[in-house]
Amino acid sequence: MKILIVNNTQIPAAKYGGTERVTWWLGKELNRLRHEVTYLVAAGSECPFAKILVYDPAIDMNMQVPDDIDVVHFHFQVSNFTKKPYLINVHNNPGYGHQLDRNSVFVSADHAARHGSSVFIHHGLDPDDYPRPDLSKKRTHTHFLAKAAWRVKNVKGAIDVATQSGNKLIVLGGDRFNLKMGLRFTFNINVRFKGMVNNDEKSVVLNSSKALLFPVLWHEPFGLAIIESLYFGCPVFGTPYGSLPELVLPEVGLLSNSKQVLTDGLKAVAGFNNQLCHDYAVDNFTVQKMAQKYLMLYQEVLNGETLNAVNPTLIETSPKYLPWTE
């Protein structure tokens with residue numbers, strides 16, 4: 001099968017870049033399965049296993065897709081595309097009233113249901129992109145892994161939970177001085193800010209971490225940080241919003257919108273089994289599983305089927321910030 005993967009950013013991801021990582025892993029696995037993969041992505045992209053075409057937002061998408069492609073996998077919403085069978089991944093939380101394409105695919109069951117759909121595929125990571133975890137390694141700190149500039153990621157809540165439970169916290173994805181957020185974190189010897197990190201730096205931190213602190217204040221569509229952390233044997237302490245209840249089972253984490261409950265739970269983090277967390281991630285969230293599911297959807301659209309009976313759209317609004325009990 002000749003598959004075109006389309007996104008409007010560069011690949012590969014140098015540091016932060018969840019969608020870029022997913023598209024890279026997917027294309028790599030499809031290539032391993034002997035499908036012919038081409039990327040239509042932003043200028044400056046490179047790839048050793050697939051052809052690169054440069055995406056131009058000023059040109060009609062029908063004109064940019066090669067004639068010999070069998071199916072197109074978009075990673076942003078497009079309109080009036082008719083040239084080839086296609087599907088569109090939804091990675092974000094579109095605003096209320098925004099109608100999505102009928103061939104939209106969401107990234108968690110909750111993400112789909114909130115838009116009146118049942119079509120979703122969980123992300124899967126590529127273990128080859130990470131060093132094999134040393135699950136016997138001493139765990140010395142907790143970690144936060146997200147864009148700390150986004151208030152919905154609630155880095156302040158993560159700092160409070162770590163500090164009040166007597167744990168050190170390493171923040172990956174943000175700096176102490178953050179003008180975009182409009183706040184300045186007070187000096188705290190238990191918190192270390194490392195900013196944006198590459199995969200190697202991130203892996204070192206995760207492999208010696210007791211837990212991921214992920215107290216998000218929105219409906220998280222998926223959360224790649226969750227499965228990366230579980231892969232390194234880290235249980236997840238987060239809020240019960242969006243995808244988290246379907247990803248974080250009681251055996252591998254604790255969910256609550258109460259800072260006190262998460263703080264008390266983190267004090268007993270030694271009760272979680274690092275090997276079980278790792279095995280759970282490998283059993284459920286790998287690129288091999290993800291690719292097989294997308295191949296099934298590719299076949300559906302190649303057969304002329306439409307993935308959703310109606311255009312998905314957000315069913316109801318939610319507060320800008322979901323509840324977080326101090």
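Bear in mind that the values in this text are calculations on the coordinates, not laboratory data. From a predicted model like this one, the values you see are computed outputs, not experimental measurements. Counting neighbours? That spans all protein chains shown, and the Cβs are built from the backbone with ideal geometry, glycine included.
Among His115, His98, which comes first, second and so on when ranked by fewest other beta-carbon atoms within 10 Å?
Lowest count first: His98, His115.
Just to confirm my numbers, what's the Cα centroid distance between the range 37-80 and the range 204-232 in Å?
Centre-to-centre distance over Cα atoms comes out at 31 Å.
Explain nothing, just the number: dipole magnitude of the range 131-283 about its Cα centre with +1 on each Lys and Arg Cβ and -1 on each Asp and Glu Cβ, in debye rounded to the nearest 20.
With Lys and Arg at +1 and Asp and Glu at -1, about 740 debye.
Go ahead and run the numbers for FRET between Thr140 and Ser118, Cβ-Cβ distance against an R0 of 45 Å, rounding to 0.05.
E(calc), rounded to 0.05, equals 0.60.
Which aspartates and glutamates, on any chain, are close to Lys267 with Cα under 18 Å apart, when same-chain ones fewer than 8 places away are left out?
Asp160, Glu251, Glu326
Out of residues 5 or more away from Leu169 or on other chains, whose amide H comes under 5 Å of its own, with H placed 1.01 Å from N in the peptide plane?
Answer set, sorted by chain and number: Thr142, Val191, Arg192.
Taking the number of other C-beta atoms within 10 Å as the exposure measure, put Asp60, Asp129 in order starting with the fewest.
Asp60, Asp129
Taking a ≥ b ≥ c as the square roots of the Cα gyration tensor eigenvalues, with a/c under 1.5 meaning rounded and otherwise prolate when a/b beats b/c, else oblate, which class fits the range 1-95?
Cα axes put the range 1-95 in the rounded bin.
Give the percent of DSSP beta bridges with both residues in the chain that are antiparallel, rounded to the nearest 5.
5
Give me, ordered by chain and number, the residues 5 or more places off Leu254 or on other chains with an amide H under 5 Å from its own placed amide H.
Under 5 Å from the amide H of Leu254 lie the amide H atoms of Val236, Phe237, Gly238, each far enough along the sequence or on another chain.
Show me, for the range 85-100, the HN-Hα J-couplings you get by feeding each phi into the Karplus relation (A = 6.51, B = -1.76, C = 1.60, θ = phi - 60°), rounded to Hz, glycine and proline as x.
Going residue by residue, I get x, 7, 9, 10, 6, 9, 9, 10, 10, x, x, 4, x, 8, 7, 9 Hz, with x marking Gly and Pro.
Taking trypsin sites (Lys or Arg not before Pro) that fall in a DSSP loop and have at most 10 other Cβ atoms within 10 Å as cut points, what is the longest piece of the chain between them?
Longest site-free region, per DSSP loop and neighbour criteria: 139-319.
For Cα pairs less than 8 Å apart in space and 6+ apart in sequence, what is the mean separation divided by the residue count of the range 1-146, i.e. the relative contact order in percent?
Worked out over the range 1-146, it gives 19 percent.
Out of residues 5 or more away from Ala211 or on other chains, whose amide H comes under 5 Å of its own, with H placed 1.01 Å from N in the peptide plane?
His143
How large is ³J(HN,Hα) for each residue in the range 307-319, as worked out from phi by the Karplus curve 6.51 cos²θ - 1.76 cosθ + 1.60 (θ = phi - 60°), to whole Hz, x for Gly and Pro?
6, 10, 5, 10, 5, x, 8, 4, 6, 8, 7, 9, x
Relative contact order for the chain: what percent, with Cα pairs under 8 Å and sequence separation of 6 or more?
20
Let's see if you can work this out: charge +1 on each Lys and Arg Cβ, -1 on each Asp and Glu Cβ, no other charges. What is the dipole magnitude of the chain about its Cα centre, in debye to the nearest 20?
1180
In whole Hz, with x marking every Gly and Pro, tabulate ³J(HN,Hα) for the range 9-25 from phi via Karplus 6.51 cos²θ - 1.76 cosθ + 1.60, θ = phi - 60°.
Calculated HN-Hα couplings, in order: 10, 7, 10, x, 6, 7, 10, 6, x, x, 5, 5, 5, 5, 5, 5, 4 Hz.
How much length, in nm to one decimal, is gained on full extension between Asn303 and Gln260, taken as 0.36 nm per residue of separation minus their Cα-Cα distance?
10.3 nm
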